[in-house]
Amino acid sequence: MAVIVREPVLPITEIEHSAFCRTDEPLTSKPLVEEITANVRWQRLPQRYMAMSPEELAGRIRDAKARLGTRVVILGHHYQRDEIIQFADFRGDSFLLSQNAASQKDAEFIVFCGVHFMAETADILTAPHQKVILPNITAGCSMADMAPTDEVLDAWDEIAETVGEGVIPVTYMNSTAAIKALCGENGGIVCTSSNAAAVFRWAFERGRKVFFIPDQHLGRNTGVKLGIPLEEMVVWGRFKPSGGLTRQQMRDARVILWQGHCSVHTRFKVSQIEEARRRYPDVKVVVHPECTREVVAAADMDGSTEFIIRTVNQGAPGSVFGIGTEISLVNRIAKENPDKTVFCLDPVVCPCSTMYRIHPAYLAWVLEGMLEGAVVNQITVDQETARYARVALERMLTVR
Ligand code: SF4
């Protein structure tokens, strides 16, 4: 009989992010018991997995995956550690992986090595008979956690009531399924960091104002790309009555930005770019648009993880790249481009701590569970939410 275990995703704090910043250790997996610190909340795991060596875990994962065959597909987000990525059938950004999930019609299990909102999106896009599994149920996203559904619904009601018709809700992929559903139900849409500018153009063809959730930096950087002056973009402040905005400010703004950010990408500073240019006068600085406006303005280029990978891969031998994104990805790009100099702009090595919660011990646990008929950490989105969230996702697919 299948056993389904569901636990709420724990919110992630900034302190927890910094708990993972290490300057003195390489980013390689240790037995799980050594990785867990008192400050960090991880999902409980059967004791026998806790002390297994990296070699034993790798062997068990390889064996379980082989025995499951085509019943299982493993998806690995670019920010996952190498010890997970080596087992991924597909690797990519959140949207690419969800598309991969949707195209794997024969697989019974989709194991999403990423974070919670990605697994939700995969569940929305996959067929009803497929089960989407998140190996560690506490792998959330601190940015998505900054936009609790109830808060966003209240803000939406007030904004829509104040400005009337013509405001289009747009949410970044990094949000709950319920927020995607809010967008789908109200003429809105989802975007990724690859297509945010095209999605904004789509929205402005249908309305005169965008309410953007949850990353204020991606929203602001996208608005600037479309020529919207900074003073026409306001921030809906959390924990403030009416978001700290007057009714006139809400009416005048072209873009209302939710007060959320990525704890990893906001670590990058203009001073780090200046230092990189001092050390390497020919450096090309490429950053993710979740970085602050100042950092994006100081960089040579900005774009999604897929854009960053492509840019470095296409660089001439001998070229130098200073990268502003998550360290596991930067390290991998550097390894795969030995003819170039590729380095992270932030001298303090800081992985995305929530992505890092997918330790090989969890992957071994869920795969071996499947062999015994136990389904752990299945992520499901209720049908009503999924229906409207799918509308917002499908609108995004029509945008070019
Ligand atoms: S890198 Fe930032 S936005 Fe991406 S999953 Fe981690 S916390 Fe969330």
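Summary table below
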| item | result |
| --- | --- |
| Condition met for Glu384 (over 22 Å from the mean Cα position of the chain (by Cα) and among the charged types (D, E, K, R)) | yes |
| Test result for Leu134, in the same structural domain as Arg206 (by TED's automatic domain parsing), at pLDDT 95 or above and out of contact with any Cys (no Cβ under 7 Å at 6 or more places or on another chain) | no |
| Conditions (1) open to solvent by less than 80 Å² (accessible area, probe 1.4 Å); (2) modelled with pLDDT of 90 or more; (3) among the charged types (D, E, K, R); (4) within 18 Å of Asn136 (Cβ to Cβ); number of the one not met by Arg48 | (1) |
| Matching residues in the range 119-141 - criterion: being open to solvent by 10 Å² or more (accessible area, probe 1.4 Å) and within 15 Å of the ligand (Cβ to nearest atom) | Glu120, Cys141 |
| Qualifying positions in the range 345-390 - of a type in the set (Val, Ile, Thr) and buried (at least 19 other Cβ atoms within 10 Å of the Cβ) | Thr354, Ile358, Val366, Val376, Ile379, Val381, Thr385 |
| Qualifying strands (runs of 3 or more DSSP E) (wholly inside the range 137-215; at least 3 residues being within 22 Å of Thr305 (Cβ to Cβ)) | 167-172, 189-191 |
| Matching residues, the range 120-136, being among the aliphatic types (A, V, I, L, M), outside any helix (DSSP H, G or I) and touching a Leu at 6+ places or on another chain (Cβ under 7 Å) | none |
| Search result, residues across the range 296-337 that are within 23 Å of Ser94 (Cα to Cα) and of a type in the set (A, V, I, L, M, F, W, C) | Val296, Met301, Phe307, Ile308, Ile309, Val312, Ile323, Ile327, Leu329, Val330, Ile333, Ala334 |
| Residue that is nearest to Ala51 (Cα to Cα) [pool: residues in the range 302-339 that are surrounded by fewer than 18 Cβ atoms within 10 Å (Cβ to Cβ) and basic (Lys, Arg)] | Lys335 |
| Enumeration of residues in the range 72-87 that are buried (at least 21 other Cβ atoms within 10 Å of the Cβ) and over 15 Å from Ser194 (Cβ atoms) | Val72, Val73, Ile74, Leu75, Gly76, Tyr79, Gln80, Arg81, Ile84 |
| Hits in the range 353-377 (condition: away from the ligand (no atom under 16 Å from the Cβ), hydrophobic (A, V, I, L, M, F, W, C) and more than 14 Å from Tyr49 (Cα to Cα)) | Met370, Leu371, Ala374, Val375, Val376 |
| Qualifying residue in the range 230-243 (condition: crowded, with 24+ Cβ neighbours inside 10 Å and either assigned to a helix (DSSP H, G or I) or touching a His at 6+ places or on another chain (Cβ under 7 Å) (or both)) | no |
| One residue from Gln249, Gln216, Gln259 being in contact with a Lys or Arg (Cβ under 6 Å, 6 or more places away or on another chain) and not charged (D, E, K, R) | Gln259 |
| Every pair of residues 6+ apart whose Cβ atoms lie under 6 Å, when the first sits in the range 243-260 and is in contact (Cβ under 8 Å) with a residue 12 or more places away in the chain while the second is among the hydrophobic types (A, V, I, L, M, F, W, C) and part of a loop (DSSP other than H, G, I, E, B) | Arg254/Ile228; Trp258/Ala147; Gly260/Met146; Gly260/Ala147 |
| Lone qualifier among Ala196, Ala178 - being open to solvent by less than 30 Å² (accessible area, probe 1.4 Å) and in the same structural domain as Thr246 (by TED's automatic domain parsing) | Ala196 |
| Val170 being without any contact (Cβ under 8 Å) to a residue 60 or more places away in the chain and crowded, with 24+ Cβ neighbours inside 10 Å | yes |
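The values are calculated or read from the model by the stated rules, or taken from the named source; none is laboratory data. What you are looking at is a predicted structure, and each value in this text was computed from that prediction instead of being measured. Counting neighbours? That spans all protein chains shown, and the Cβs are built from the backbone with ideal geometry, glycine included. Surface areas here come from the heavy atoms of the whole protein model, side chains and all, with no ligands, DNA or RNA. Shrake-Rupley method; radii C 1.70, N 1.55, O 1.52, S 1.80 Å.
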